[in-house]
Each structure stands twice: as structure tokens, then as C-alpha cells.
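The values are calculated or read from the model by the stated rules, or taken from the named source; none is laboratory data. All of these numbers come straight from a predicted model, not from anything done at the bench. Counting neighbours? That spans all protein chains shown, and the Cβs are built from the backbone with ideal geometry, glycine included. Please note that ligands, DNA and RNA were not included when accessible areas were found on the heavy atoms of the full protein model with its side chains. Shrake-Rupley method; radii C 1.70, N 1.55, O 1.52, S 1.80 Å.
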Amino acid sequence: MGRSSVPVKKTEYTTKIMAKDVIALMDHLGWKQAHVFGHSMGAMIACKLAAMVPERVLSLALLNVTGGGFQCCPKLDLQTLSIAIRFFRAKTPEKRAAVDLDTHYSQEYLEEYVGSSTRRAILYQ
């Protein structure tokens, strides 16, 4: 973490390369097999890992994964456009976190109270 190489060309930064990194880490740790969980891009890497070395994956759990491509692009409506504009205008991590909440959760969910705070306040914190 933090000492990884950074390829000059983005095309050299693939899920296959990252899955090979996972295999190298498992080898380094002496893990013959592992239960694998991936979220978002990590789930895409986990899928590639399972395809490359299925005998080393004891179980596979994925959350919020896409195969990529144009099919994963959100529909272009006013809400999506509004969120995109807010994200590009957000210059601090705090402002980006606030926008991120709106992209991942419904307004109803965020405004529900859990104890004395809304979910939005809890998640933002």
C-alpha cells in the first residue's frame, strides 16, 4: 500500500495485473487458498482472480461489481447530471464524501433516524 508502481499508460493498469498482485501476496504469505471478498473495483479484481486460479479461491463474495464497459454507465438524467456537477465542484474530501453519500444511498435511507442521528450524519462521520 503506497509503494506500488504506477504504470505510465493506464492500459497497463488492468484487473489482470492486480489479480497477479493478489496471487503474489498470497504466495508471499504462504496461503494456498483463501476466502475472497471484493467490493467495487476490488470485486472486479476478485472475479479475475477466481477466473485465473479457481483452485485457490475457497469462496467468492462480491459487492457492487460490474463487468465494466458502456453498460455500467449511469443513465443520463437530471439527478445524475446534478450529482456529477456537485462532484466536480467538490474540492475537499469532506465535500466529496457528502456527494458520495448521494450516489450510493437513497434520500429516504439517508434521512431515516438511527437513535438521535440520521443515517446521513452517521455515514458522513
Exception for Ser59 within (1) at pLDDT 85 or above; (2) closer than 25 Å to Ile122 by Cβ; (3) polar (S, T, N, Q) falls at (2)
Sole miss for Arg3 among (1) exposed (fewer than 10 other Cβ atoms within 10 Å of the Cβ); (2) assigned to a helix (DSSP H, G or I) is condition (2)
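Yes or no: Arg119 surrounded by 13 or more Cβ atoms within 10 Å (Cβ to Cβ), touching a helix residue (DSSP H, G or I) at 6+ places or on another chain (Cβ under 8 Å), closer than 28 Å to Tyr13 by Cβ and not assigned by the TED database to the domain that holds Thr14?
Values: surrounded by 13 or more Cβ atoms within 10 Å (Cβ to Cβ): yes; touching a helix residue (DSSP H, G or I) at 6+ places or on another chain (Cβ under 8 Å): yes; closer than 28 Å to Tyr13 by Cβ: no; not assigned by the TED database to the domain that holds Thr14: yes.
No, not satisfied.
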Flagged pairs (Cβ under 7 angstrom, 6 or more apart or on separate chains; first in the stretch 3-27, of a type outside the set (Lys, Arg); second open to solvent by 50 Å² or more (accessible area, probe 1.4 Å)) are Pro7/Tyr13; Thr15/Met44; Thr15/Lys48; Ala19/Lys48; Ala19/Met52
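Sort out for me the helices (runs of 4 or more DSSP H) sitting completely within the stretch 9-116 that have 3 or more residues that are surrounded by 10 or more Cβ atoms within 10 Å (Cβ to Cβ), within 19 Å of the chain's Cα centre (by Cα) and of a type outside the set (D, E, K, R). Break it down into steps so the answer makes sense when it comes.
On the way: elements: 15-29, 41-52, 78-89, 93-104, 107-111.
It comes to 15-29, 41-52, 78-89, 93-104.
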